[in-house]
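Undergrad: A single structure is presented below for examination.
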Protein chains: 4
Amino acid sequence: MKVSIIGTTGYGGGELLRILAYHPVFEIQSIHSSRGEKFISEEYPHLNSLIEKKLEKIDIEKISTEADLVFLATPSSVSSKLVGEFAKSQIKIVDLSGDLRLKNSEDYEKWYRHEPAEISILEQAVYGLSEWNKPDIIDGKIIANPGCYPTATLLGLAPVVMKDCIDPNSIIIDAKSGVSGAGRTPSKIAHFAEISENINIYKVNEHQHIPEIEQQLLKWNEKIRPITFSTHLIPIGRGIMTTIYGQLTAELTTKRLIELYQEMYDKKTFVRIRPEGQYPAVKEVRGSNYCDIGINVDERTGRVTIISVIDNLMKGAAGQAVQNANLMFGLDETLGLEFIPLYP
Amino acid sequence: MKVSIIGTTGYGGGELLRILAYHPVFEIQSIHSSRGEKFISEEYPHLNSLIEKKLEKIDIEKISTEADLVFLATPSSVSSKLVGEFAKSQIKIVDLSGDLRLKNSEDYEKWYRHEPAEISILEQAVYGLSEWNKPDIIDGKIIANPGCYPTATLLGLAPVVMKDCIDPNSIIIDAKSGVSGAGRTPSKIAHFAEISENINIYKVNEHQHIPEIEQQLLKWNEKIRPITFSTHLIPIGRGIMTTIYGQLTAELTTKRLIELYQEMYDKKTFVRIRPEGQYPAVKEVRGSNYCDIGINVDERTGRVTIISVIDNLMKGAAGQAVQNANLMFGLDETLGLEFIPLYP
Amino acid sequence: MKVSIIGTTGYGGGELLRILAYHPVFEIQSIHSSRGEKFISEEYPHLNSLIEKKLEKIDIEKISTEADLVFLATPSSVSSKLVGEFAKSQIKIVDLSGDLRLKNSEDYEKWYRHEPAEISILEQAVYGLSEWNKPDIIDGKIIANPGCYPTATLLGLAPVVMKDCIDPNSIIIDAKSGVSGAGRTPSKIAHFAEISENINIYKVNEHQHIPEIEQQLLKWNEKIRPITFSTHLIPIGRGIMTTIYGQLTAELTTKRLIELYQEMYDKKTFVRIRPEGQYPAVKEVRGSNYCDIGINVDERTGRVTIISVIDNLMKGAAGQAVQNANLMFGLDETLGLEFIPLYP
Amino acid sequence: MKVSIIGTTGYGGGELLRILAYHPVFEIQSIHSSRGEKFISEEYPHLNSLIEKKLEKIDIEKISTEADLVFLATPSSVSSKLVGEFAKSQIKIVDLSGDLRLKNSEDYEKWYRHEPAEISILEQAVYGLSEWNKPDIIDGKIIANPGCYPTATLLGLAPVVMKDCIDPNSIIIDAKSGVSGAGRTPSKIAHFAEISENINIYKVNEHQHIPEIEQQLLKWNEKIRPITFSTHLIPIGRGIMTTIYGQLTAELTTKRLIELYQEMYDKKTFVRIRPEGQYPAVKEVRGSNYCDIGINVDERTGRVTIISVIDNLMKGAAGQAVQNANLMFGLDETLGLEFIPLYP
């Protein structure tokens, strides 16, 4: 199977290269970037002697003809236009941007402040939360790969929301992200001397991942009310932790909830539930496709605390993209993704 | 005025030295440590040529006779014993440990798992949240200096709790702390290779600062119900951010709430309220005694998000301790504390 | 005395504000920036309630009339033009850029690749290495404030070079710098995700501070031959360490060399020599104007290792600039600079 | 092939697990630690669901019988005793400690201050610098796996030392290491709040890797004189950079030297030579077994600067250990080591 990557020089694109270089089925057919035609090792010297391909201009016809699948690691508002073009051919598409995730165009316009994708494209796009939308992904031609925050949040919330164990008007998510999430283009927020030894909160109650999370929660449980979702920037390179709070509707112990999570994530390789009294740390999934989850019920308040961690470039982007590509081609979803976390 | 410091070689003690070295009224009479008699610059080389005092053994009688005030920068369970001894003399005491903060001995035993201080001592001890307990501090002889997390949390919550603007059963505090909060003794949690590039949650629903926060909130508003309070370790040296969530009981705008905070913190030099749309970052108070607060009301949910940041070694420990000492001696509370944040 | 600052929104300018806000003699008359007219706290929120001045456009005539001294915290090639204008009036000038440091215009063109300043200006400019050029600085009207690397290097080398203890053809300086040295403008080299968990070497044998160091070494000892000088970027905000290697020409012990350094730096408050067996760390001078120096002679090789550390924004920029300003106005050089290092 | 690991809970042991979990030929037979019998995931939660083995006590007879090879990831002075025991059986041994590296027992005693290994063991031990001692390693039964600093240094110096291009009395190595090199046991030097935002120099002219480097350099070129070698601690988790300086003995250009390095490292997969004008950064080899080398000749001084970077836990420890194990069993040396650097 031949795959092409567009937007190769960003962090998501770079991570796709790291995964695909040794993937047993997918072969990198071509890599593309708007940064000009040069060897990828000029942009990413760590790939010297490993990937000696040259970056090419984006040629939709050529890619559509030569590749079986294209990964779009392009920014929002760029992706929607490219998908429109690629959709005319038979090529399968995994889009890592936010452009195809919201089914409601008005929501997209409100939260992204860009022009939305065509409705016909939005209708075709399958939301690629691999663990929970597997049948649709398998049959899909266009995948809207989930955002990094939504992935951690939704995997953490799925069991209690599906099983109606949580007051639908009580969900608060406090998210903390590493700085690679801000992308590779230099900016003030990601400038070393500004963010080192610092913690920032940003886009307070305005983050574009809010409607994405709510859309999926509502699919699982129509009673869900608007959530509170906050994003903090932490001086680490990779990793997201979401600390999720909610009021339980039944008297559940920590032990019982953990059992529920273990049942519901049984056979889902990339989600690991921690035993009682243990909580995941961000570095324990670094460089891997795992989402690790810990749970605690506070008897004093009747509230549950759910801690969910991922590597934002892996399970939060390129890792889940390849997991979805595996599914689309009928492969084992873990293929090429057997990375052990890089610890310490 | 002469002051002595016990527990000088910890981070709290070191910060007291940084402040007191140039304090216009207090003079360092003696410094004490259980680490043996040696020059302080052997423990803290950055003090070479600045503070050439020798560490001494703890001699309660000598200190009581020679000094007007003693700072106890000693661990919990050590402080309570020392205070018992010092209380017999006329010396004023500021205790930076948690030993004297909880009025209820049973709470102390439950959350600290140590033997509590004598009741007579607990009765005398004034909770030293400088901005809100000023009259008691001025008259006090023994100050229980607040914990780092409670300081950030309580300053952030005071207006909405006092003015009854918040559902008393809805308070959730997500706290993030730098690693200096774990003290100076090497430990696994504070080991560089473990915590760098990492985020940890610890003591989930078990942190000993929970009853301290609730005790003060209940003094302000007896309707307050148990809070949810989580603590995360972030790979920075100094700094705490608390992100506080609560359901508003009235329809308040961000603008109106900011006005309320500005009114209630008027003339309180060390609390700075950010204008609408701006939020404080941890490094913006580094090395200073400020607590900076930002506020946002989400119309979708009716919830308020309050962001409060401090330097845990300053406003969260040594800075507030000196602020309280200033008050106890009738001085301007800002004396010797005019540090501009070290940015970047 | 009234002072103005041009280039206030960069890190050097910000540090000048931190120092001057409480300086007992200098008063900030006006602050200037090309970023537009707004309150400085919009650029630097940590200065909220502390410095409420508004940034102004650069008006050379107004500044010359109203201020006694102007600090230029402007980039190379901008400074030279401004100095040319200010030099026509009576105002004293401290230029923090590299524009006035090299006496030889051709050297400037070769290493900086900009047009050099006018020769008459270069002739007037005094190289402001405070500890060693004090008489000239006192009499100076225009100060070329030294670079960060040259300051650490020259203070480390002065005794052995002046006293001819070192083979003039053997000097190798391995310098390590924090990322604030790259300035406040976002750039790839200072992008968090690129430099965190990383070490870079840059401008190998091409750094513009090489001729600055050699020029001063030659003034001290005309036998000095070209040096090797390397610069590494380290993921910390502030701080420079230079590790300096050289072949000793006489049989000197570590002890004897330390005595020499102590003699030669006697009464020079801001240089602290460590005792035998101790070496300075970068954080031990953070936020202060100190340069700490440690020395070791290796009997196996006959080489000396000199370790010199500074805070690049203080002794390496704004701190030394104020020290020079103090000297120019006949004040004690330490005035307003009594900052204890912020440790940890 | 069955392998056992002793000292599994340290960082070297943990990295062996990461490599061996998916090694196509080696199978982990047993893992051992002095920390007691428990699941490895209790010590390393990131291995949950990946490696479900239990740590065992060290039973030399059992290991010797059941495994074909044992990795000793044990501290110096522990390894020498274990090797003495294992050497009585047929099992192959790779020792990651410093105990077997120095052929001269007196040197060991002087630099390590422990009792040396038996002479018969030292005579059998092959110094496992994979790229240059391949024939001996292939035939070896006991491998002394090189130290992290020596690996980076020796790979950087080999061509110029072998080809006699460098003044044998001019070699200076300035090494910078991440904090994981200090091991997993909490200590002051590796305490987060002490080393974050800091740079330290340690063991000045006293590091035990000095004789190891000199021993190998002398095997390559008997004219080599004592080197200067300095070690700095940098606030990153993984990675070593050595900046190597030396006086060239012939007029060589950067271009010519790079060609020499390319020729001499041709077919040596894990050493990558950068093209002219490019220099490796530590993060560009993170998590991989590569050693990347950059070279610059300064015409002004006639000195060469060689920059060599490795991941200290991979090529500097566990990676090279597996590379050597591959060679000992006649396998391709890259087997199981095809890790692409984790960037960013």
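Undergrad: Which residue is it, in chain D, that holds its beta carbon closest to the axis of the D-onto-C rotation, and how many whole angstrom away?
TA: D:Asp174, 2
Undergrad: For region C:149-312, what does the relative contact order come out to in percent, with C-alpha contacts under 8 Å and a separation of six or more?
TA: After rounding, I find 30 percent.
Undergrad: I need the shape label for region A:71-190. Rule: rounded when a/c is under 1.5, else prolate if a/b > b/c, else oblate, with a, b, c from the alpha carbon gyration tensor.
TA: oblate
Undergrad: Pull up all non-local amide H partners of B:Val271: gap of 5 or more, or a different chain, and H-to-H distance under 5 Å with H placed in the peptide plane.
TA: Correct list: B:Cys291.
Undergrad: Something else: For C:Glu206, place a label point 7 Å out from Cα along the Cα→Cβ vector, do the same in each other copy, and report the separations in nm, one decimal, smallest first.
TA: Relative to the other copies, C:Glu206 has label-point distances of 4.0, 4.1, 5.6 nm.
Undergrad: While we're looking at this one, here's another question. Counting other beta carbons within 10 Å of each Cβ, put A:Ser4, D:Ser187, A:Ser30, D:Ser76 in order, fewest first.
TA: Ascending number of Cβ neighbours within 10 Å: D:Ser187, D:Ser76, A:Ser30, A:Ser4.
Undergrad: With all pairs of different alpha carbon atoms counted, what Kirkwood hydrodynamic radius in Å does region B:1-156 show?
TA: Final number for the Kirkwood radius of region B:1-156 is 16.1 Å.
Undergrad: A further question on this structure: Treating region D:36-113 as a set of equal point scatterers at the Cα positions, no solvent, please give the Debye-formula log₁₀ I(q)/I(0) at q = 0.12, 0.14 Å⁻¹.
TA: Each listed q corresponds, in turn, to -0.45, -0.60.
Undergrad: I've got another one for you. Would you work out the Kirkwood radius for region A:149-312? I mean one over the mean of 1/r across all pairs of different Cα atoms, in Å.
TA: 16.3
Undergrad: Next question, about the same structure. Where both partners of a DSSP beta bridge lie in region D:6-131, what percent of those bridges are antiparallel, to the nearest 5?
TA: 10
Undergrad: Same structure, new question: Among C:Lys203/D:Lys163; C:Lys110/C:Lys315; C:Lys163/C:Lys268; C:Lys62/C:Lys141, which pairs are too far apart, with a Cα-Cα distance over 21 Å?
TA: C:Lys203/D:Lys163; C:Lys110/C:Lys315
Undergrad: Now a separate question. Loop-only check: which chymotrypsin sites (Phe, Trp or Tyr not before Pro) in region B:240-344 are DSSP coil with at most 13 other Cβ within 10 angstrom?
TA: none
Undergrad: Of all DSSP beta bridges in region D:149-312, what percent run antiparallel (nearest 5)?
TA: Looking only at bridges with both residues in region D:149-312, the antiparallel portion is about 75 percent.
Undergrad: Which value in Å does the Kirkwood hydrodynamic radius of the protein assembly as shown take, with 1/r averaged over all unlike C-alpha pairs and then inverted?
TA: For the protein assembly as shown, inverting the mean 1/r across all distinct Cα pairs yields 33.0 Å.
Undergrad: Please compute, for peptide C:225-235, the average count of beta-carbon atoms on other protein chains lying within 10 Å of each residue's beta-carbon.
TA: 6
Undergrad: So what are the radius of gyration and Dmax for the Cα set of region D:70-123, in Å?
TA: 10.4, 32
Undergrad: Here's another thing I want to ask about it. How large is the dipole of chain D about the Cα centre if only Lys and Arg carry +1 and Asp and Glu carry -1, each at its Cβ, rounded to the nearest 20 debye?
TA: Computed about the Cα centre, the dipole is about 420 debye.
Undergrad: Can you give the mean number of other chain Cβ atoms that lie within 10 Å of the Cβ atoms in peptide D:278-286?
TA: Going residue by residue through D:278-286 and averaging, the value is 6.
Undergrad: Would you work out the relative contact order for region C:49-176, in percent, from Cα pairs under 8 angstrom that are 6 or more residues apart?
TA: Relative CO of region C:49-176 lands at 20 percent.
Undergrad: Report the far tail of the P(r) of region D:127-214, meaning the percent of Cα-Cα pairs longer than 19 Å.
TA: Above the 19 Å cut-off, region D:127-214 has 54 percent of its Cα pairs.
Undergrad: Rank these for me by crowding, C:Leu96, B:Leu157, going from fewest to most other beta carbons within 10 Å.
TA: Lowest count first: B:Leu157, C:Leu96.
Undergrad: Taking the number of other C-beta atoms within 10 Å as the exposure measure, put C:Asp95, A:Asp164, D:Asp298 in order starting with the fewest.
TA: Ordered from fewest to most neighbouring Cβ atoms within 10 Å, C:Asp95, A:Asp164, D:Asp298 come out as A:Asp164, D:Asp298, C:Asp95.
Undergrad: Run the reach check for B:Lys81 against aspartates and glutamates, Cα to Cα strictly under 13 Å, same-chain hits fewer than 8 apart removed. What comes back?
TA: Filter leaves B:Asp95, B:Asp99, B:Glu115, B:Glu118.
Undergrad: Collect residues whose amide H, placed 1.01 Å from N in the peptide plane, falls under 5 Å from the amide H of D:Ala117; neighbours closer than 5 in sequence don't count.
TA: Sorted by chain and number, the residues that satisfy this come to none at all.
Undergrad: Okay, next question. Kindly give the distances from A:Ala250 to its copy-mates, label point to label point, with each label point 7 Å from Cα along Cα→Cβ, as nm values to one decimal ordered shortest first.
TA: 4.0, 8.2, 8.8
Undergrad: Still on this structure, I have one more. Per residue, what volume in Å³ does the Cα convex hull of chain C take up?
TA: Expressed per residue, the convex hull around the Cα atoms of chain C is 134 Å³.
Undergrad: For chain B, what are the DSSP H helices with axial Cα length of 20 Å or more and mean Kyte-Doolittle hydropathy of at least 0.5?
TA: Length and hydropathy pass: B:148-162.
Undergrad: Which net charge results when you count Lys and Arg as +1 and Asp and Glu as -1 among the other residues whose beta-carbon is under 12 Å from that of B:Ser170?
TA: +2
Undergrad: May I ask for the net charge around A:Gly277, where only other residues with Cβ less than 12 Å from the Cβ of A:Gly277 are counted and Lys, Arg are +1 while Asp, Glu are -1?
TA: Charge balance near A:Gly277 sits at 0.
Undergrad: Here's a follow-up. Distance between Cα centroids, region D:236-299 to region D:3-31: provide it in whole Å.
TA: 30
Undergrad: So what is the orientation-averaged projected area of region B:282-344, using the convex hull of its C-alpha atoms, in nm²?
TA: 5.5
Undergrad: Based on the alpha carbon coordinates of region A:196-277, what radius of gyration and maximum Cα-Cα distance (Dmax) apply, in Å?
TA: Just the Cα atoms of region A:196-277 yield Rg and Dmax of 15.9, 43 Å.
Undergrad: In nanometres, what is the gap between the two model label sites at C:Lys53 and A:Thr269, each 7 Å from Cα along Cα-to-Cβ?
TA: Reported label-point gap for C:Lys53 and A:Thr269 is 6.3 nm.
Undergrad: Run through the other copies and list how far each one's label point is from that of A:Arg225, in nm with one decimal, shortest first; the point sits 7 Å from Cα along Cα-Cβ.
TA: Label-point distances to the other copies, shortest first: 1.3, 8.1, 8.1 nm.
Undergrad: Then there's this: Can you bin region B:106-158 into rounded, prolate or oblate? Criterion: square roots of the alpha carbon gyration tensor eigenvalues sorted a ≥ b ≥ c, rounded for a/c under 1.5, prolate for a/b above b/c, oblate for the rest.
TA: Oblate is the answer for region B:106-158, as a/c is 1.5 or above yet b/c matches or exceeds a/b.
Throughout, read-outs are computed from the coordinates displayed, never taken from laboratory work. Only a predicted model underlies this, so the values are computations on that prediction, with no experimental measurement involved. So basically every Cβ, Gly included, is an ideal-geometry build from the backbone, and we count neighbours across all protein chains shown.
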